[in-house]
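Each value in this text was obtained by applying a stated rule to the coordinates, not by laboratory testing. All figures in this text were calculated on a predicted structure; none of them were measured in a lab. Neighbour counts run over all protein chains shown; Cβ positions are idealised from the backbone, glycine included.
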Amino acid sequence: MKTGSISYILVLPSLALMLFTTVYPIIGVLYYSLYSYNIVTGEFRFSGLNEYIELLRDPLFLTSIRNTVMFSIAATVLQTILGLIIAVLVNQRIRGKRYIIPILVLPNMFSVVVVSSMWKLMLDYETGLINHILKSLGFQPLPWLTSMDLALFSIVLIDTWQWTPICFLIFYAGLQSIPRELYEAAIVDGASSVRTFTSITLPMLKPYIALVLLLRSIDTFRLFDKVYLLTGGGPANSTETISLYIFKTGLVFWDIGKASAASFIMLILILAISALYIRRSILS
Amino acid sequence: MNVFFSLLAYNTDGDPMPGRRDFIKMAVLGVGGFVVGVGAGYYLGSIPGQQQVGAPSGYNLSALGRDAEHQDINTAVIDFFSRENPGYRVDYSPLAYSPLYDKTVLALQQGSSAYDLVYMDDPWIPQFGERGWLADLEDLAKQEGIGLDLGDFSSVLIDVGRHPYRSGKLVAFPQMGNVQIFAYRKDVFDRLGIPEPKTWSDVLNACEKIKASQLVEYTIAFRGVKGNPVATAFQPILYAFGGKIVSDDLRKSALDSKAVEALEFLLQLKKYAPPGVENFNTPDVRDRMIGGRIAMSTETWPGWIKDADNPAVSKVPGLLAYTTTPGERTKTSPLLGVWYWGIPAASRNKSAALRYILYSASARMQKIMAILKGLPPVRSSVGRDPDASALRRWIPIQVQSLAVAVPRPRTPYWPKIEDIFGSYVNQVLAGVVRPSDAVAKMSEEIDKVLAGG
Amino acid sequence: MRILEKTLIYIALGIIIAWSLMPIYWTINVSLKTGLEVYEVFSTRFSIENYVRLFREDFQRYLISTIYLASLTTIISLALAIPASYSLSKLPLSDKLRRGFLVWTLFSRTMPPIVLIIPLYVMFSQLRISDNLTAVAIAYQVYTLPFSIWMLMGFYRETPREVEEAAMVDGAGPLAIMTRILVPMIMPGIVVTAIFSILMSWNEFLYAVILLQSLKNYTVSLIIASYISEWGVKWGEMAAAGIVSSLPMLLFTAYVQKYMVLGFMRRD
């Protein structure tokens, strides 16, 4: 009996904090989303599904969803493919792996604010390194962060620089776990390297590929820091993401009701994506 | 918080757990870091959270203010103040623009008595005044038997400090006279025989001539990035063409064909601006002006040309001339961006706070700060002072501009309206939307906001 | 063929390495130069002026705030997670509760931070604890606590049963077993978990920018972000601050890189 209650006591503080920091906010978001609540004007009245309707009619919100999805797909696919390629390259019989791998992983060791500032140094139109190089080679400098067409792509680029190392590490571990015998058998059978890759390597890597795709999609969906710091959602709303939209609506314009409704919608969207991930992990 | 961590697990297959030694080393480092951090936190007295509730003695004031040059100026004033008024202490907390707004809103909304002085940008006054968060300064002065020397201020400054606008109680007192002026390269204008521009048409004509002469890299530049920057850069033009954003009763949008004309004029100006102007913000315009790469801008703020005559940082010392913002069909309408001091209604040190405000806005302090720190003064008398204008050449024009300045629409919904306005003007600049469509859409959205949406 | 292949591989890797290092190298370069010399790749005129200016402007105050925040967050997480993980992995508990915790740990990892912050912000301001590093440490528990619990559970599970059983035979109660036997055994794991909590708090930005306003409470992330302000980027300071703030964390991260293995793979 004593053992029984001790076990609950040990868990209690964590449970309490969990309820406070996770369950309460989710209920809070649902609750506030049904009200028209503005901190500065003091308005607080029940408005039912009004906030949601307004949200779905707001072109900026719809743009933010589109941008977020586009970014997520582009970044995830790019990072997965690059990670895979790099892992395959490093997995070859080459020297100096002990030094190469830490260097490759270096980009992921910096905080997102530092990464953003590093890339601002690279991509700034006037003073950035990349435009400086382009100019000295005789090309036209490009407005990386200030052009409607390039801005989102630049953010994809930065995110790729920061996160491909992780994809690489996962794939590399995956490659290491493929038993040598399979490759030896393939050599005996005289298979070409392309054939070996498609028939042995890729199938064995499938779970890793699935994992990377899943993890990166969930993570890129949240994009906030880089766009807040480097573009503010512009130019012409081309880098407005869902997180940024919620942030501005709730904490710059103080429209808590609308921001909560948007938060709830985002929650549903992310649950849809990660339901796979959660189910899979629970089953194991 | 990033999925980086989710990959974590110690590895069962092979990598041996690092030795005891390594861990002890890391643990010691870690614990050492904790102790240093926590100890230093206590030592610096900044164990955060403990908000100093204003001490009941009438001598300890707590102020929320801006950082950067405002901090420079305000802390200098506080320094003088405490030396000349022994027993008075003012605690100044510097914050950046948005955090200052957030924190002030929160403190005022909670009715907290933690702060006795709040530093406000003029568009905030309707919002705060509407909720009754600020103390009535004239009342307070009357109680204390102090006279407020309001005559030395341009009437618009005092009007803006009242809520409701012009007629209500005085809830804010002007401190820093930020207002738009028009700066241009006198040397270029003289070379080409162009007189000082008085209207926007003059500006356009000048652009044509200057571009042909190729004396500067680009004729003109202005802020185009969406939101407050382009909204502020464009409003003088809009008003000069007779346009308005919000109706006088602040109930509906007042954008009409004149706004369309003003937008088309802006697009004309764009032809003389550097490419990418629709993404320009303050540094892009300011640096070009100081760097001698443009001949003029649609707006100039005192803070931009503060060091224009300093050869160490500027490439155009002595070459800039200043005049009031051009008019067109109406007279000039430079935009007001003045910073005010206010006293929270919940403060427990109101009379001491008022004393500080009047000290800070006194002619003497304004003149000292204008000379020492480049403060744009709010008093007309200081604007005429020969010493100040000898050192800071723009002061006479700046103070004159205050007299004719136009405040942004005095509605509590202004932040949202400005956001909509700024978003569409930016899109017009970028060529994504046509002026007529932009005006139509803007009107619709602004109407919705003003209706309480 | 072999040589051609190998050369191509080295070239490809070389490009990738250059790509990985370029921004880092450039930032170090900008931090050590002032003015236009920034572009002279081989100029040897270095100056630590940016770093000096950084500390003259009180950068150490932000470092200390961040250390405080990271420490507090980690202490809270560990204090709660060590007992909770013990209970969840070794002691009898209702299955539903165990399941619930598992779902919570997975769920919180996928949830976007912005979704939770608004009600927390409203509540903190109503409770008058806004602009307060301690409140931020509590907000950070949203992520560090479930993660710490999950990690520590794994470490607890690896401990051999015999040690516990021997202790129980000697009459030790569960608390004693935990504190005297198991915690020392999993100490390496605790350190690793602590490091991750520290890293997470140190690098975090969103919650910090929302919950903190006064400069005196600013973390390193916030102050670097402020250099990218509307008044013009302070390039030198930004670069220097980036390097200074990353150094401690680089050491930590390098250390725990060894643990970057697929946690999920071990379940298959």
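Here are some notes:
- Convex hull volume of the C-alpha atoms in region A:144-248, normalised per residue: 108 Å³.
- Here C:S94 and C:M123 are evaluated by their C-beta separation; at R0 = 30 Å the FRET efficiency comes out at 0.55.
- Computed FRET value (nearest 0.05) for A:E181 with A:L30, which takes r as the C-beta separation and R₀ as 56 Å: 0.55
- Contact order, relative form, for region C:58-267: 33 percent (alpha carbon pairs under 8 Å, 6 or more residues apart, mean separation divided by residue count).
- Ratio of Rg to Rh over region A:59-152 (Cα coordinates, Kirkwood Rh, two decimals): 1.06
- Relative contact order (%) - chain B, alpha-carbon pairs under 8 angstrom, separation at least six: 23 percent
- Mean separation of Cα pairs under 8 Å and 6 or more residues apart, divided by the residue count, gives chain A a relative contact order of 31 percent.
- Exercise: per-residue mean of other protein chain Cβ atoms within 10 Å, A:214-221: 4
- Label-to-label distance, nm, for residues given as B:L192 and C:V103 (7 Å Cα→Cβ offset): 7.2 nm
- Equivalent ellipsoid, region A:1-142 (semi-axes from 5 times Cα gyration tensor eigenvalues, Å): 44, 32, 16
- Share of pairwise Cα separations in region B:211-259, more than 17 Å, in percent: 54 percent
- Spin-label model distance (nm) - B:D287 vs B:E264, 7 Å beyond Cα toward Cβ: 3.6 nm
- Based on every Cα atom in the protein assembly as shown, Rg and the maximum pairwise Cα distance Dmax equal 30.5, 104 Å.
- Separation of region B:106-137 and region A:25-65, taken as the distance between their Cα centroids, equals 26 angstrom.
- Within the same chain, lysines fewer than 8 places from B:K186 are excluded, and of the rest, those with a Cα less than 23 Å from its Cα are B:K198, B:K209, B:K211, B:K270, B:K271, B:K306, B:K315, B:K331.
- Rounded to the nearest angstrom and listed largest first, the equivalent-ellipsoid semi-axes of region A:79-220 from its Cα gyration tensor are 36, 17, 15.
- Sites B:D159 and C:I28, calculated FRET efficiency, Cβ-Cβ separation with R0 51 Å, nearest 0.05: 0.45
- Pairs of alpha carbons in region B:74-225 whose separation is greater than 28 Å (percent): 45 percent
- Region C:58-267: projected area of the alpha-carbon convex hull, averaged over directions, in nm²: 14.2 nm²
- Cα centroid separation - region A:192-219 against region B:182-198, whole Å: 67 Å
- Beyond 24 Å, the tail of the calculated P(r) for chain A holds 64 percent of the Cα pairs.
- Distances between every pair of Cα atoms in region C:122-212, grouped in 10 Å steps from 0 to the bin holding the largest one, split as 15, 34, 24, 18, 9, 1 percent.
- Helical contribution to [θ] at 222 nm, DSSP H n ≥ 4, -39,500 (n - 2.57), averaged over chain B, rounded to 500: -14000 deg cm²/dmol
- Kirkwood estimate for chain B, i.e. one over the average of 1/r between Cα atoms, Å: 24.4 Å
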